[in-house]
1. In whole Å, how far is the Cα centre of region B:156-228 from that of region A:119-145?
2. Pop the C-beta distance of residue B:178 and residue B:71 into the FRET formula with R0 = 30 Å and round what comes out to the nearest 0.05.
3. Heavy-atom accessible area of residue A:144 with all protein chains present, probe 1.4 Å, nearest 10 Å²?
4. Can you compute the radius of gyration and Dmax for the protein assembly as shown, using only the Cα atoms, both in Å?
5. For chain A, calculate the relative contact order in percent as a whole number, restricting contacts to Cα pairs under 8 Å that are 6 or more residues apart.
6. Ranked from the most accessible area to the least, with a 1.4 Å probe and all protein chains present, what is the order of B:136, B:216?
7. With the dipole of region B:1-157 worked out from charges on the C-beta (+1 for Lys and Arg, -1 for Asp and Glu) around the Cα centre, which of B:96, B:9, B:143 lies farthest toward the positive end?
8. What helices does chain B have that are whole DSSP H segments, at least 24 Å long along their own axis by Cα, and with mean Kyte-Doolittle hydropathy of -1.0 or more?
Amino acid sequence: MLELTINGGVHTLDLPVDRPLAYVLREDLGLTGTKIACGEGHCGACTVLLDGIPTLSCITLAHTVGEREVTTIEGLREHPLVDAFVRTDALQCGFCTPGQIVSASALVAANPSPTRDEVRHAMAGNLCRCGAYPKIEEAILTWRD
Amino acid sequence: MELRRPPDAQHAVAALGNGSLALAGGTDLVPLLRDGIVRADTLVHLADAVPRGIDGTRIGAGTTLAELEVDPQVPAALREACAQAASPQLRSMGTIGGNLRQATRCWYWRLRFPCWLHGGEVCHAKAGQHREHAIFGNERCASAHPSDPAAALLALGARVRTDRRELSVAELYRLPTDESRDVVVLAPDELVLELDVPLPDASVYLKAMDRKKWAFPLVGVAAARFGDRVAFGLAGVAPIPWAVDSADDLDRATPLPGTAYKVQIARALIARAFSAL
């Protein structure tokens with residue numbers, strides 16, 4: 001049996017070795033805020049935090065998570081970035097938004113006042129096919145407003 | 001499939017081979033397993049088995065690219081290569097040891113065409129779509145090695161310590177042959193443990209890609225100066241990281257119709273890198 005700590009709660013699961021964390025979150029635990037888009041680690045839609053570090057859950061085998069704490073978008077529902085994304089209209093279809101906010105939360109935790117270049121460097125792994133990048137940047141640059 | 005998490009390198013090596021594969025960050029291996037390109041009965045998770053961290057010129061194989069890109073002890077060429085590689089999430093997950101072993105992005109190989117690199121007879125890229133492919137060493141296979149850090153380590157003259165020997169990064173790679181289609185000389189149960197990266201007087205990494213962030217190199221050029229000597233390592237131009245002494249070596253390139261532009265890019269980046277030193 002595998003124990004995972006997710007958003008502060010401990011879950012005990014019986015999982016095959018090849019099961020990626022994203023599928024565990026969505027299908028075994030009902031945490032459907034984490035999205036699966038490319039499914040191969042390219043797009044960033046599945047980003048979660050492992051001990052605060054943005055990580056691609058679609059290519060992370062659940063059995064390799066170990067004692068690291070998993071934080072999903074559901075664990076960030078009170079984060080000011082959520083309001084910032086709404087206020088700045090930083091989405092169109094919204095599918096990439098959970099991954100965007102998870103990545104951005106790690107950036108502002110390490111660097112509360114990032115420059116535009118720092119935002120672009122830290123957010124380069126979260127693709128938005130609607131092209132909402134300018135407003136995503138604005139949301140992160142003004143997250144405390 | 002089974003997963004083991006050995007406590008040290010010795011146990012990890014004992015668990016490798018015979019259908020067991022080493023798993024570090026998993027950024028390349030997990031998709032390859034899922035797509036059936038690579039098969040394993042057992043995954044040997046290396047989290048506790050290989051050193052992680054930077055101590056002067058020594059870099060543990062388990063150190064992530066994200067850790068390398070921000071550490072001032074690391075030569076600029078390697079820092080810049082790591083910073084321009086992949087995406088932030090992949091850099092936080094991927095280790096330098098795993099990066100040296102990453103597979104080509106050739107879509108014929110990734111889509112499981114029965115190509116020469118998979119053990120077949122022909123390189124489909126040579127007759128097909130090959131804009132991202134090789135300009136050197138492409139007689140049998142036109143795939144391009146995608147690692148930015150490997151090119152930097154090649155230019156820097158880095159050495160690799162495995163569980164059983166020491167060798168240079170230049171010796172680590174070799175063009176695949178009819179007898180062995182692998183691009184490294186390591187045994188199936190051999191584990192990269194540590195790198196030793198000499199400190200140059202100056203170094204730089206320049207990269208041409210299809211967009212400004214998060215793309216594999218069309219051409220990557222690492223340059224390192226030690227005294228009067230300048231060494232170059234190129235990414236994205238051959239099935240393995242490719243060393244050149246100067247832009248003149250590009251006269252010996254063997255580009256395909258769709259990769260001739262890479263010769264011009266490499267020439268320009270080598271000149272820029274040289275003047276940046």
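The values are calculated or read from the model by the stated rules, or taken from the named source; none is laboratory data. Remember, predicted model here, so these are calculated numbers, not experimental data. Positions of Cβ are generated from backbone atoms using ideal geometry, with glycine treated the same way; all protein chains shown enter the neighbour counts. With ligands, DNA and RNA removed, areas are computed over all heavy atoms of the protein, side chains included. Shrake-Rupley method; radii C 1.70, N 1.55, O 1.52, S 1.80 Å.
1. Using only Cα atoms to place each centre, the spacing works out to 33 Å.
2. Working from the Cβ atoms, E equals 0.10.
3. 150 Å²
4. Using the Cα atoms of the protein assembly as shown, the pair Rg, Dmax is 21.4, 63 Å.
5. Over chain A, the number comes to 25 percent.
6. Result of the area sort, largest leading: B:216, B:136.
7. So the residue we want is B:143.
8. Sorted by number, the helices that extend far enough and score high enough are B:260-276.
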